[in-house]
Structure formats: C-alpha cells, structure tokens
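The values are calculated or read from the model by the stated rules, or taken from the named source; none is laboratory data. Because the structure is predicted, anything quoted here is derived from the model rather than measured. Backbone-built Cβ (ideal geometry, glycine too); neighbour counts: all protein chains shown. Please note that ligands, DNA and RNA were not included when accessible areas were found on the heavy atoms of the full protein model with its side chains. Shrake-Rupley method; radii C 1.70, N 1.55, O 1.52, S 1.80 Å.
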Amino acid sequence: MSEAHWYVVHTYSGYENKVKANIEKTIENRNLQDQILQVSVPMQDEVEIRNGQKKQISKKMFPGYVLINMVMNDDTWYVVRNTRGVTGFVGPGSKPVPLSESEMIPLGIQVEEKKIVVDFDLGDTIIVTRGVWENTVAEIKRIDEHKEMVTINVDMFGRETPVEISFADVKKMD
C-alpha cells in the first residue's frame, strides 16, 4: 500500500466545515478509514477587541481550503474531488501535489515518525489486559494503526457488539 501524505483541497469559501463533514461521512460509508486518515480545517485563536471587551475567537487559517491526510489513488481522488463544495486539489493541472514536511511545520501538523509494530494480525485471538473488558478473550475484527486500536466483538445483552480497544491493552493469545 502507498504512503499517506497531506494534500490541500480548494473549496467554496465558507464551505470548509461542510466539506470536512461530507468527506468524513463518505469515509465512514465507503469504509475508507485506512486510505483517508484525517480531514482538517486549520484554525488559529485570535483575540478580538469589540466594544472595549477582549474576546478570544477561532478563525480559519486558510479560508477556502481543507487539508486531507490520505493515500492518493483513483478511489480516494474520486471521493474527494466529487464531494459537494470541493472545486479541486491544489497542484498543477489535475495532479495533486502533497505538502512537504517544511510546509506542514507552520500548520502545526506533526509528521508521523513512529511506526507501531504489533505482534497480532486480523483474525488472531487476543486477551484484553486492562480496562472494562479485562480478561475478555476475543478475535480481532479490525486493526486501525492510525488510532492504535483494534476492534473486537463482545457479547452485550445477548448481542455481538463491536468494541475498540487500545493496542496497549491487548495481548496475543499463544
């Protein structure tokens, strides 16, 4: 699988939060959590003085733009490009250009340096070592490396219910 990068998407001015919500809804509906990792509307706090009173407000750093951390492929490009309110990716022609590390630093975006290595895989049986579900034995149904969580099914009121557990709170069964 390709590596995820941050891309800038141009939107209609004032539609940034709506575009973010629409993309996040599409990610959930199409199960693209492993390809589109994060959607962000960068904000900065400012102090505004009105009628002699100081007021702290959050303003968009880049009105008309949304940042997306994603793996660029035909599916993700199509989903983002065809979201209502999106006018296109930033880049020459129709080719999106990812942000460089030096461009991301002033935006407060941390470059992911750590890569978590886990000793379990999809379908493995694990035991929960801490928390509400301590000593629960279950099969891994989903692994989210970005959030550092595994999803398991537990029996609640006679129904199988998916529960997310942190990597730190599970151990592979031998």
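Miscellaneous remarks
- The HN-Hα couplings worked out from phi for region 49-59 by the Karplus form 6.51 cos²θ - 1.76 cosθ + 1.60 (θ = phi - 60°) are 10, 10, 6, x, 10, 7, 9, 8, 10, 9, 10 Hz, whole numbers, x standing for Gly and Pro.
- Mean residue ellipticity, 222 nm, helices only, the chain: the sum of -39500 (n - 2.57) across DSSP H runs of n ≥ 4, divided by residue count and rounded to 500, is -4500 deg cm²/dmol.
- Sorting Met149, Met43 by accessible area puts them as Met43, Met149; the probe is 1.4 Å, largest comes first, and only protein heavy atoms count.
- Annotation: amide H-H contacts under 5 Å for Met43 (H modelled 1.01 Å from N, sequence separation of 5 or more, or interchain): Met61.
- The chain: angle of helix 16-30 to the longest principal axis, Cα-based, in degrees nearest 10: 30 degrees
- Computed magnitude of the charge dipole of region 1-140 (debye, nearest 20; Cβ of K, R +1, Cβ of D, E -1): 980 debye
- Three-way shape call for region 18-98 based on the alpha-carbon gyration tensor, with the a/c threshold at 1.5: prolate
- Largest first, the residues Thr129, Thr83 sort by 1.4 Å accessible area into Thr129, Thr83.
- Computed over protein heavy atoms with a 1.4 Å probe, the carbon and sulfur contribution to the accessible area of region 74-174 reaches 50%.
- Answer label for Kirkwood radius over Cα pairs in Å (calculated), chosen among (i) 18.9; (ii) 18.1; (iii) 20.4: (i)
- The chymotrypsin sites (Phe, Trp or Tyr not before Pro) of region 1-84 meeting both criteria, a DSSP state outside H, G, I, E and B (loop) and at most 15 other C-beta atoms within 10 angstrom of the site's C-beta, are Tyr12.
- Rolling a 1.4 Å probe across the protein heavy atoms gives the chain an accessible surface of 68 Å² per residue.
- For the chain, with +1 on Lys and Arg beta carbons and -1 on Asp and Glu, the positive-most of Gly14, Met173, Gly88 along the dipole: Gly14
- Under Karplus coefficients 6.51, -1.76 and 1.60, residue-wise ³J(HN,Hα) of region 139-144 in Hz, glycine/proline x: 9, 6, 9, 7, 10, 10
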